[in-house]
Amino acid sequence: QVQLVESGGGLVQAGGSLRLSCAASGRTFTMGWFRQAPGKEREFVALITWNDGNSNYADSVKGRFTISRDYVKNTVDLQMNNLKPEDTAIYYCAGRSTAGMSRWRWDYAYWGQGTQVTVSS
């Protein structure tokens, strides 16, 4: 069982930046960030593979968000720049115990408790 703990959420004005961090108690094949806005489904944001650092992004955040991993600290970060009000959501860190770069949330067995990101206009 892998435990995930997110940190770094908060309130920011549009155009600002935030950095989210996810601390993992163990190692998985792939780590992802998902988000869920009020009244909406949980959606994919970004993912990264532990071994080779390959990453993938949702079109809505491409060019603004960057996912990275620290092999020594066992953390995965999400740097979010040029934030928009539509980025407001609870952000969840997730871990996948099998190989593959999946955007589908049901492929992720481990989840953090979530951290709130609010972007004001």
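A few notes on this one:
- Ligands, DNA and RNA aside, PHE29 has an accessible area near 100 Å² when probed at 1.4 Å.
- Across the protein chains, with a 1.4 Å probe defining accessible surface, the residues ASP107, ASP87, ASP52 rank ASP52, ASP107, ASP87 from largest area downward.
- Straight-line cross-link partners of LYS73 among the lysines, defined as a Cα under 27 Å from its Cα and at least 8 positions apart when in the same chain: LYS62.
- Comparing ALA109, ALA46, ALA24 in a Gaussian network model of the chain (Cα springs below 10 Å), the most mobile by mean-square fluctuation is ALA109.
- Rg followed by Dmax, in Å, when the chain is reduced to its Cα trace: 13.2, 40
- Point-to-point label distance, SER97-ASN74, nm (Cα→Cβ direction, 7 Å offset): 1.6 nm
- Accessible area of the chain divided out per residue, in Å², using a probe of 1.4 angstrom: 51 Å²
The values are calculated or read from the model by the stated rules, or taken from the named source; none is laboratory data. Predicted, not measured: the structure shown is a model, and the values here were computed from it. We place every Cβ from the backbone using ideal geometry, glycine too, and count neighbours over all the protein chains shown. Side chains are part of the model used for accessible areas, which takes the heavy atoms of the whole protein and leaves out ligands, DNA and RNA. Shrake-Rupley method; radii C 1.70, N 1.55, O 1.52, S 1.80 Å.
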